[in-house]
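Report on one structure; see the data block that follows.
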Amino acid sequence: MSAHASPEQIRAKLPHPVIDGDGHWVEYTPVFAEKIRKAVGDLGANGFLASQRRIPDALEMTTEERKTRGAAMEGQWGRQAVNTRDRATAMMPKMLYDRMDEIGSDYAIVYPTAGLGIPRIADDATRRAVIRGFNIVTADYFKGLEDRLTPVAVIPMHTPDEAIEELEFVTSQLGSKVCMFGSGIARPLPGAKEVDPKIGRHAVFYDQFGLDSEYDYDKVWQKCRELRVAPTFHTGGRGFGLRNNPSNFTFNHIGHFAAAGHAVAKGLFLGGVTRRFPDLRFAFLEGGVGWGCQLFCDLIEHWERRGAKGLANMDPSKLDRKLIRELVDKYGYSDYATEFEKNDGYPLKEDFLTGNVPPDDYIQCKIAKKQDWLDLYATPYYFGCEADDRMNAVAFGKAMPLGARINAIYSSDIGHFDVVDMRDPLPEAYELVEDGHITEADFRDFVFANAVRLWGTQNPRFFEGTRVAKEAAALLRETPLRAAAE
């Protein structure tokens, strides 16, 4: 701990609750698997155990073996050891519940650890059995703790029907309120379907749902609307692509959640999902808000060049062929002129190629006015931020276009290796106030109000029965709720 105030002291002086939007618990795999076996049978239990072998299998190899097999270095020594109480807390939800005041949180959304990767299990039957068993067992572990802890259900997204079936099950049978959707679904390229899976995994198209998917995922978003579920994404991006180093875990780890969130956020936006479902809220966890701020700026800047109006300036048919020929002749580039003549006076025939799509990368967004950027990005998108990330301040600053404030939510990440002490996150988050980077009002948004808007706007009854019910209801009354789209 630093010399700053304790989490209890900070919490005591705050006039609002603290909501942890992304804590983690660490499932004890041997016991958890047997509970899955009792819930759904051998396929689910054995599939779960197999899904947990990726890290130990990689760590058993040498660097050369990982390099040969295209396997990434994983994180050795990834569980608390010196801080034994935190190791135990991460494994036992009842102990986490008892320590909430000590940690400085009034209420927490608790994401899985072993469950983070199960939406990517390739075999359909195994994936569905594992996820169904996982959700049943998780709900049972958190039973009776609902006033302070809400566990997250896992939703597979290989097909819309699969997603909808699990959504309906977890909400109606388990009472789930928060769901973690798989993203970056690997679709094997046609030529790689018969290749060794260890090699074929590198020859895939990563489906981000909004753009060029094999399926229409709008019915999933419609089901989320009906069930009052805000889709959240907590997908990893390491172990493939540019984060597949065979010897250095940190190389693979830095930025990987941000990269995965970046991809699905772009896919949903450019695919027009936030246009068609303006009342839905989406969250991208653990990657921070820095990339969310940059993406907001990048999308606007690219729209100015790659939207229909911007691209109209690049229409090759508008080239003044007479003028360019005169300039070529003036400066003595006769060989240029010879080539121009082959192309009816244009420099290059390929300038007219369009990829067989309309010349407008934002065609599904239907951007018509400045307010659209706030409505389609700044309002529906939320970004989970670890407490010690200095980039959190950017979301509350004055640098964003159109005066936008990007929705950062406090996400402790307790339970994982990067939180040395579960009592650290709240004081670390409050340092931004102490150091003058954000105001007390900004901090209220960060650790309380934005989380309430994310889940409470989607489901006004979300916080009923929790320790923060009164304060959340008051906030929602002062925050106009957008009517559901027809």
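The values are calculated or read from the model by the stated rules, or taken from the named source; none is laboratory data. The structure displayed is predicted, hence computed values, not measured ones. Glycine also receives a Cβ, built like all others from the backbone with ideal geometry; neighbour counts cover every protein chain displayed. Ligands, DNA and RNA are excluded from the accessible area calculation, which covers all protein heavy atoms including side chains. Shrake-Rupley method; radii C 1.70, N 1.55, O 1.52, S 1.80 Å.
If you go through region 7-53 and keep only what is closer than 30 Å to GLU440 by Cβ, surrounded by fewer than 17 Cβ atoms within 10 Å (Cβ to Cβ) and not polar (S, T, N, Q), you end up with GLU8, ALA12, LYS13, PRO15. For region 216-227, filtered to residues that are in contact (Cβ under 8 Å) with a residue 12 or more places away in the chain and open to solvent by 90 Å² or more (accessible area, probe 1.4 Å), the residue that is nearest to GLU168 (Cα to Cα) is LYS219.
The single condition among (1) open to solvent by 50 Å² or more (accessible area, probe 1.4 Å); (2) more than 22 Å from ASP101 (Cβ to Cβ); (3) touching a helix residue (DSSP H, G or I) at 6+ places or on another chain (Cβ under 9 Å); (4) in contact (Cβ under 8 Å) with a residue 24 or more places away in the chain that THR457 does not meet is (1).
Scanning region 40-76 for residues that are part of a loop (DSSP other than H, G, I, E, B) and either in contact with an Asp or Glu (Cβ under 7 Å, 6 or more places away or on another chain) or free of Cβ contacts under 8 Å to residues at least 24 places away in the same chain (or both) yields ARG53, MET61, THR62. Note on region 360-389: residues that are open to solvent by 50 Å² or more (accessible area, probe 1.4 Å) and either without any contact (Cβ under 8 Å) to a residue 12 or more places away in the chain or more than 22 Å from ALA108 (Cα to Cα) (or both) total 8.
Is it the case that region 193-206 has a residue that's crowded, with 18+ Cβ neighbours inside 10 Å and aromatic (Phe, Trp, Tyr)? No - not one qualifying residue is present in region 193-206. When VAL264 is tested against (1) part of a helix (DSSP H, G or I); (2) open to solvent by 20 Å² or more (accessible area, probe 1.4 Å); (3) closer than 23 Å to GLU165 by Cα, exactly one condition is not met: (2).
One line per residue, one yes/no per condition, for (1) farther than 26 Å from THR171 by Cβ; (2) modelled with pLDDT of 95 or more; (3) surrounded by fewer than 24 Cβ atoms within 10 Å (Cβ to Cβ); (4) under 20 Å from the mean Cα position of the chain (by Cα):
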position	(1), (2), (3), (4)
TYR410	no, yes, no, yes
PHE417	yes, no, yes, yes
ARG423	yes, yes, yes, no
PHE443	yes, yes, yes, no
VAL447	yes, yes, no, yes
VAL452	no, yes, no, yes
GLU464	no, yes, yes, no
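Selection over region 183-212 of residues that are free of Cβ contacts under 8 Å to residues at least 24 places away in the same chain and part of a loop (DSSP other than H, G, I, E, B) gives a count of 7. Only a single item in (1) at pLDDT 95 or above; (2) in contact with a Lys or Arg (Cβ under 6 Å, 6 or more places away or on another chain) is not met by LEU319, and it is number (2).
Just checking, does region 77-85 include any residue being of a type in the set (Ser, Thr, Tyr) and either farther than 22 Å from ILE131 by Cβ or outside any helix (DSSP H, G or I) (or both)? Yes: region 77-85 contains one or more residues that are of a type in the set (Ser, Thr, Tyr) and either farther than 22 Å from ILE131 by Cβ or outside any helix (DSSP H, G or I) (or both). Residues in region 152-202 that are hydroxyl-bearing (Ser, Thr, Tyr) and in contact with an Asp or Glu (Cβ under 9 Å, 6 or more places away or on another chain): THR159, SER183. Here is the figure for region 270-294: residues that are within 17 Å of THR379 (Cβ to Cβ) and within 13 Å of the chain's Cα centre (by Cα) total 6. The helices (runs of 4 or more DSSP H) found entirely in region 92-182 that carry 1 or more residues being within 22 Å of the chain's Cα centre (by Cα) and either crowded, with 19+ Cβ neighbours inside 10 Å or of a type outside the set (Val, Ile, Thr) (or both) are 124-141, 160-173. Selection of region 212-231 for residues being at pLDDT 95 or above and of a type in the set (D, E, K, R) yields ASP216, ASP218, LYS219, LYS223, ARG225, GLU226, ARG228.
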